[in-house]
Structure formats: C-alpha cells, structure tokens
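Okay, so here's the structure we're looking at.
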Amino acid sequence: MLVASFTGAVHADDAAIQKALGSLGIKQADVQPSPAAGLKTVLTENGVLYITEDGKHVLQGPLYDVSGAEPVNVTNQLLITKLEALKDQMIIYKAANEKHVITVFTDITCGYCHKLHEQMKEYNELGITVRYLAFPRQGLNSQAEKDMQSIWCSADKAKAFDAALKGDAISPATCKTDISKHYALGVQFGVQGTPAIVLQNGMMIPGYQGPKEMLAMLDAHAASAAKK
C-alpha cells in the first residue's frame, strides 16, 4: 500500500506541474529533477525555470549552489551537457597548444563577432580553442538565420564562415544540421546579445573579450578550480 500511495503521489505531482506549465502557455518542456529539494528543473524554448513539486510556485533564472568556496551556477552546468551534445555541429578553431576551450554564440551580422574572429590567430596562439554555435540575433526565419544555416551546411564550414565574415556572398546550402537548436540553447543560457562566450565550467560571459583579457579570465578560473 505504501508503494502504491507513493506512486500515486508522484503521478499527482506530475499532473500538477503539467497543469501549471499549461497555465503559463508552455506547451513543450523537459521536466527533470533539480539539485534543490522540492523543486523540479524545467527546460523550455524560452529558458530554464524551476517549479515546486506541487506546481504552485515557479522561479525563473539560474540556480546557484553556494555551499562551496564560490557560487556555482548549476543551471548552466546542466546546459553544458546539452552544449557538448552539439560538438559535432560546431565550427572549431583549435589551438595547437590547447590550454582552454571557449564556446561562442555568434552572429555574422554582429560587429564585435567580426572583431573576435579577426583576432582568431591571437586566441589560438595563447592556447585558446574557439568553438562557434550560431545565434542569429534577429531570430529564426531572419536573413541572418538563413545565411548561417547555409554556412553550417557547407562542406567546409570554417572556410564558409571565414568567407562570410570577409563579406563574400554566401552560397545557399541545406543539410540535417538545424541551427535552431543552437539558438534555443543560447536562449536557455540567457544569451541576449552576441558574442556570448561560454566557459568550460558553464559560466557565460556576455560580450567581446580580447585575447589577453580572455586568457587572464580563463587562467583565473582554472586557478580557482584547482584550489577546490
């Protein structure tokens, strides 16, 4: 009887959560356990939410674990798993002597994205590997999205990306890669502009960072992690 009662309570909680999400207009969501007792993690197309198991209260924004020496954004740590699942779709500029890896949500119409890319040699020489995911700021179905979809579907993505940032015409191309998944993940990370830089620990740095500034930041994070 105890097992049956517990199972019934779980189903009741699930129903309450789905009802609450429906009342918010959320039709598609991935509901997962959260590290906080009494809360569930909800991954939606518009970001990450946390909802109480009874479905009565909803929190929006990142969840932090403050039990250690430094606060840890556990929301972004969850999203890192989703980010790494897209690794085979990234345009990667690998450092010969790799010390750090950053993932950049980029837009070919973004001025500071151009500036970052123009300094790729410097990032790589400092041991920073740069990986790109697409984030058309004007949204899906924009011209930038169509152009970036073509770039990501090119036989040589890096060559096509380089050419596009130099102002060359973009040849239409189609493939199974769907950059709307890149965009959706960027929204979940809280990206509001480009470039948006995600570190290996899940921390997101909004905006452009020069090569030397980026290296100093990465070294500092690595040193902090080593002390834990």
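Nonpolar atom fraction for the range 83-227, defined as the carbon and sulfur part of the 1.4 Å probe accessible area, stands at 50 percent. Think of the chain as a dipole: +1 on every Lys or Arg Cβ, -1 on every Asp or Glu Cβ, centred on the Cα centre; then among S23, Q143, Y208, Q143 lies furthest on the positive end. Calculated [222 nm] ellipticity per residue, helices only, for the chain: -12500 deg cm²/dmol; basis is -39500 (n - 2.57) per DSSP H run with n ≥ 4, divided by all residues, nearest 500. Diffusion coefficient (Stokes-Einstein, Kirkwood radius over C-alpha pairs, 10 °C, 1.306 mPa s) for the range 58-113: 110 µm²/s, rounded to a whole number. Over the Cα atoms of the chain, the radius of gyration divided by the Kirkwood radius equals 1.04; this is the Rg/Rh ratio.
Probing with 1.4 Å while keeping every protein chain in the model, the per residue accessible area of the range 125-188 equals 49 Å². Computed over the range 43-86, the convex hull of the alpha-carbon atoms projects to a mean area of 4.1 nm². Which residues make up the longest stretch of the chain clear of GluC sites (Glu not before Pro) that lie in a DSSP loop with no more than 15 other Cβ atoms within 10 Å, not counting the sites? It works out to 99-228. Gyration tensor over the Cα atoms of the range 14-61: the corresponding equivalent ellipsoid has semi-axes (square roots of 5 times the eigenvalues, largest first) of 14, 12, 9 Å. Can you give the translational diffusion coefficient of the range 103-221 in µm²/s, computed by Stokes-Einstein from the Kirkwood radius over Cα pairs at 37 °C and 0.692 mPa s? The diffusion coefficient I find is 225 µm²/s. Reported to the nearest whole Å, the Cα centre-to-centre distance from the range 145-164 to the range 61-133 is 19.
The values are calculated or read from the model by the stated rules, or taken from the named source; none is laboratory data. Everything quoted here is computed from the prediction, not taken from an experiment. Virtual Cβ from ideal backbone geometry, glycine too; neighbours counted across all protein chains shown. Remember, those area values only see protein heavy atoms, side chains included, never the ligands or the DNA or RNA. Shrake-Rupley method; radii C 1.70, N 1.55, O 1.52, S 1.80 Å.
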